[in-house]
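S.K.: Shown below is the structure under consideration.
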Amino acid sequence: VQLQASGGGLVQAGGSLRLSCTASGSIFIIHNMGWYRQAPGKQRELVATIDDRNRSIVADHVTGRFTISRDNVENTVILQMNRVDTEDTAVYYCNAVSRVDRAVYWGQGTLVTVSS
């Protein structure tokens, strides 16, 4: 499974940004897809995940501002980020989890910078 993320960039606090991640390769094995982030000097943390039945989990620190959606036809997962804050500045990583052996695949990361 290969994951290609896009959509990062510079955004002002209070603004919106949309991240997209498209899977290719052995896509039929994918169960969960999601987004994690890693800010400078911090550990990688969960942002949101969604399974192949569109059941989602959104981390408390972004609930009400970020939403996750999935297009199983296009093999794409979208993170819609609204009302961003400077604390949302991080590298955002897309991931996918195999239904077969729970293997985890990671995309290359996309940088989101929120300016005040």
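The values are calculated or read from the model by the stated rules, or taken from the named source; none is laboratory data. A quick note: this is a predicted structure, and the numbers were derived from the prediction, not measured. Quick reminder, even Gly has a Cβ in these numbers, built from the backbone with ideal geometry, and neighbours come from all protein chains shown. Accessible surface areas use protein heavy atoms only, side chains included; no ligands, DNA or RNA. Shrake-Rupley method; radii C 1.70, N 1.55, O 1.52, S 1.80 Å.
S.K.: So the label point goes 7 Å from the Cα of Ser24 along Cα→C-beta, right? Which residues of the range 34-74 then have their backbone N under 18 Å from it?
M.R.: 71-74
S.K.: In addition: Please work out the Cα center distance from the range 70-116 to the range 1-45, rounded to the nearest Å.
M.R.: 2
S.K.: For a paramagnetic label modelled at 7 Å from the Cα of Leu10 toward its Cβ, which residues of the range 62-89 fall within the zone defined by backbone nitrogen distances under 17 Å?
M.R.: Answer for this model: 85-89.
S.K.: Still on this structure: Per residue, how much accessible area does the range 6-87 show when a 1.4 Å probe rolls over the protein heavy atoms, in square angstrom?
M.R.: Ligands and nucleic acids excluded, the figure is 55 Å² per residue.
S.K.: Starting from the Cα of Asp85, step 7 Å along the direction of its Cβ; do the same at Asp52; then give the gap between the two resulting points in nm.
M.R.: Each label point lies 7 Å from its Cα, and together they span 3.6 nm.
S.K.: Further question: Rounded to the nearest 0.05, what FRET efficiency do Lys42 and Val73 have when you use their Cβ-Cβ distance and R0 = 35 Å?
M.R.: 0.50
S.K.: Round to a whole number: what % of the accessible area of the chain belongs to carbon and sulfur, probe 1.4 Å?
M.R.: For the chain, the apolar C and S fraction of the accessible surface comes to 48 percent.
S.K.: When only alpha-carbon atoms count, how far does the chain stretch along each of its three principal axes, as whole angstroms with the largest first?
M.R.: 43, 25, 22
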